[in-house]
Structure formats: structure tokens, C-alpha cells
Protein chains: 2
Amino acid sequence: MVLSKACTYGILASLYITRETNKKTGYVSIGRMSKELHISFHFLTKILQELTSAGLLTSMKGPKGGVALKQDAKDITLLDIVIAIDGMELFSECLLGLPGCGNEEPCAVHNEWGGIREQLYQTFRSKTLATTTQQIDEQNLRFALPELLDS
Amino acid sequence: MVLSKACTYGILASLYITRETNKKTGYVSIGRMSKELHISFHFLTKILQELTSAGLLTSMKGPKGGVALKQDAKDITLLDIVIAIDGMELFSECLLGLPGCGNEEPCAVHNEWGGIREQLYQTFRSKTLATTTQQIDEQNLRFALPELLDS
DNA sequence: TTTTTCTAAGACCGGATTGTCTTAAATTAA
DNA sequence: TTAATTTAAGACAATCCGGTCTTAGAAAAA
């Protein structure tokens with residue numbers, strides 16, 4: 001798995017918050033969000049706390065409370081969220097896990113992976129919450145988990 | 001982590017086997033290999049068993065036994081090894097983990113991730129054990145874990 | 001045949017990640 | 001002030017992966 005589950009939940013939740021705060025001012029309830037995105041409430045809360053302490057979100061307790069973007073949606077990138085939750089390892093580590101791998105001592109796939117990794121970085125960096133939610137609305141893209149089916 | 005540790009160990013071991021069987025005929029001892037690559041013997045054994053049951057290696061018990069490539073080194077790609085150990089998920093799954101994501105119902109990063117994923121796939125597919133070991137020798141590339149330092 | 005050298009196979013443990021639950025604290029509304 | 005709503009925080013359980021260990025079994029050598 002390239003991104004941890006916590007990280008993908010963090011991205012989906014951030015997109016949800018962006019769309020909701022477009023509609024109405026104020027905070028978005030974590031309880032309501034967890035229901036609509038089909039993510040465990042307590043797990044989602046923990047993830048959003050990480051984004052809050054990273055300075056990407058603010059929160060408010062009590063009735064009418066919830067979370068909101070701390071910065072403008074055009075100033076938060078998906079890269080910010082990935083780094084806040086999963087850290088920088090994805091963009092710095094050797095694909096084969098060789099500790100000293102670098103330009104001086106490259107491994108067998110160092111150059112290829114370096115290029116791919118850079119594209120991944122630029123992809124996350126170029127997508128802000130604003131542009132991504134706009135894209136979602138225009139192209140009717142998916143950004144939520146489906147309800148789990150009972151089997 | 002893009003590849004599991006088991007998968008990277010499988011790649012490193014396969015490259016080692018290719019280089020050793022270049023020198024002498026017959027089988028490569030797992031015990032000796034685990035020492036030189038600094039990988040746990042029993043863990044390496046488990047990984048090599050997966051590669052054996054996937055048809056990439058053969059094994060022989062007893063003295064002078066060990067493992068060997070079942071096919072020619074130019075017919076085994078790094079992709080074969082990745083798929084044998086980690087499966088196809090890396091090359092098929094949605095980056096955001098949305099179950100139904102595809103061309104009909106794309107997620108917000110579907111197209112970008114699709115392109116990157118394809119490059120990753122082609123990189124692994126284009127590198128055979130033969131070409132990669134040749135590259136390692138010519139360019140003096142790293143393909144083994146360093147000995148762990150006592151601290 | 002017996003011993004030694006190996007791989008085969010699977011039980012087992014520890015730590016990280018994922019996910020659940022409970023309690024506390026803050027804020028609003030009545 | 002009191003009650004209701006909501007996040008904060010942390011304990012806790014379950015699951016998966018990485019790694020270790022033990023026993024079995026096969027093949028070669030003595």
C-alpha cells in the first residue's frame with residue numbers, strides 16, 4: 001500500500017470538509033462526516049486531530065462545533081496532508097530499502113524510482129483542496145468510500 | 001512502503017542467486033546467502049519458498065543443495081518477483097483505496113496515479129535478472145543490505 | 001547404513017497499524 | 001445553572017507483517 005489507510009481517510013475527509021464549508025460557514029461535524037464517508041468515527045477523529053496539530057485544520061468543541069480548514073482551500077495541497085500523516089518517507093526512501101542508497105551509492109533501480117517518485121511528489125503538490133474539489137464537482141468524481149455491504 | 005520487506009528481500013536474493021550461478025553451476029546455499037546479504041536465514045527461507053512455489057526457483061535438499069533459478073536469468077523480470085510476493089495490488093489498486101475506482105468511476109487522482117503506476121509496472125517489467133545483474137557489475141551498483149552496526 | 005548438511009513447513013512472538021471504547025472537557029442552548 | 005452536543009485524549013483490542021524457532025524430511029558423503 002502506497003499510502004496508509006489513515007492517510008487516505010485524511011485526504012477524503014479534507015475534501016469533504018472543503019466541499020461542506022463551501023456551502024455553509026462554520027464547522028463540519030465529525031460525527032456527520034464519519035457517517036457520510038463510512039469511516040469509523042473514533043478513527044476519523046484521531047486522524048483529524050493529527051491534521052489539526054499539523055496546522056491544517058482547526059476544531060471547535062460543543063454544539064455546532066466540529067472541524068474546519070485553518071487555511072484557504074487553495075493553500076492546502078494533498079502533499080501537505082500526506083506529509084502530515086505518513087511523513088516524507090515515501091518521497092525519500094529507496095525502493096529496495098537499502099539504507100545508504102543515494103546518488104553516490106545507487107541501487108539497481110535508483111534512477112528509475114527517483115523519477116517516478118518525483119512525479120508522485122509533483123502530483124500531490126500540484127493538487128490543492130480547492131482545485132481537487134472543483135475537479136470532483138465538474139467531473140462528478142468519487143471521493144467517498146461506499147457503504148459496506150452485508151454478506 | 002511501496003514494496004513489502006519480503007518483496008525487496010526476494011529481489012535482492014534473486015539478484016544474488018543470478019550472480020552466484022553465473023560463477024559456478026549448481027545450487028546456492030540459503031545459509032551462505034543469508035549471511036552475505038545480512039538477511040535472517042529463516043525469514044529468507046520463507047520468501048524463497050514463495051518464489052519456488054511460484055515457479056521462479058528450484059530447490060534441492062541435502063549437502064550441496066540450495067536454490068537455483070528455474071528459468072534463464074533473461075526470462076525472469078523483477079515484475080515476476082514483485083507479483084509472486086506482493087501480488088498485483090500495487091498495479092491495480094486505487095491510490096485512495098476506493099473500492100470501485102476505475103475508468104468509469106474515477107477518483108480524484110485516478111488519472112495521475114494510473115500514469116505513475118504504469119511507469120512503475122514498465123520499470124519492473126523491463127528489468128530482467130540478467131540485465132540487472134549486468135548493470136550492477138558494470139556500474140558497481142548496490143544490491144545488498146549493509147551489515148547492521150552495533151550501537 | 002549412518003551421519004551430516006541442507007531445505008520444508010509451520011508454530012510462535014513482538015511491534016506497528018487499524019479500529020473500538022470510555023472518560024473528560026469545552027461550548028452552546030434552554 | 002443545567003443539560004445536550006461535540007471534540008480531546010488515551011486505554012484497549014484485533015489484525016497484519018516481520019522475524020525467530022523448532023521439528024521434519026530429503027539428499028549426499030562417509
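The values are calculated or read from the model by the stated rules, or taken from the named source; none is laboratory data. Note that the structure is a prediction, hence the values are computed from the model and not measured. Positions of Cβ are generated from backbone atoms using ideal geometry, with glycine treated the same way; all protein chains shown enter the neighbour counts. Accessible surface areas use protein heavy atoms only, side chains included; no ligands, DNA or RNA. Shrake-Rupley method; radii C 1.70, N 1.55, O 1.52, S 1.80 Å.
Before moving on, here are some points about what is shown:
- Based on DSSP H segments of at least four residues, each scored -39500 (n - 2.57), the protein assembly as shown has a per-residue ellipticity at 222 nm of -16500 deg cm²/dmol.
- Order of exposure, largest accessible area first, which applies to B:91, B:43 with probe 1.4 Å: B:43, B:91
- Shown for residue A:114: label points 7 Å from Cα along the beta-carbon vector, and their distances to the equivalent points in the other copies, 3.0 nm in ascending order.
- For chain B, the longest principal axis of the alpha carbon atoms and the long axis of helix B:129-139 meet at an angle near 80°.
- Loss of accessible area when B meets A, both sides summed, Å² nearest 100, probe 1.4 Å: 3100
- Region A:1-149: proportion of alpha-carbon pairs further apart than 18 angstrom, %: 60
- Note that the protein assembly as shown presents 52 Å² accessible area per residue, ligands and nucleic acids not counted, probe 1.4 Å.
- Label-point spacing for residue A:43 across the identical copies (point 7 Å from Cα in the Cβ direction), in nm and ascending order: 2.6.
- Members of A:35/B:46; A:5/A:70; A:70/B:5 lying beyond 30 Å, as alpha-carbon distances in this model show: A:35/B:46; A:70/B:5
- Gaussian network model of chain A, Cα within-10 Å springs - most flexible of A:66, A:100, A:26: A:100
- GNM result for chain A, Cα springs below 10 Å: residue of A:18, A:52, A:123 fluctuating most strongly: A:123
- With every protein chain in place, the protein assembly as shown: carbon and sulfur % of accessible area (1.4 Å): 51
- Label-point spacing at residue B:26 relative to the other copies reads 8.0 nm, in ascending order, each point sitting 7 Å out from Cα along Cα→Cβ.
- The mean count of C-beta atoms from other chains within 10 Å of the C-beta of residues in A:93-103, rounded to a whole number, is 5.
- Residues of type aspartates and glutamates that residue B:64 reaches as a straight line, Cα spacing below 20 Å, ignoring anything fewer than 8 places off in the same chain: B:20, B:36
- Using the Stokes-Einstein relation with a Kirkwood hydrodynamic radius computed over Cα pairs, the translational diffusion coefficient of the protein assembly as shown at 10 °C and a viscosity of 1.306 mPa s comes to 74 µm²/s.
- Computed FRET value (nearest 0.05) for residue B:38 with residue B:58, which takes r as the C-beta separation and R₀ as 35 Å: 0.90
- Counting only alpha carbon atoms, the long axis of helix B:5-23 and the longest principal axis of chain B meet at about 40°.
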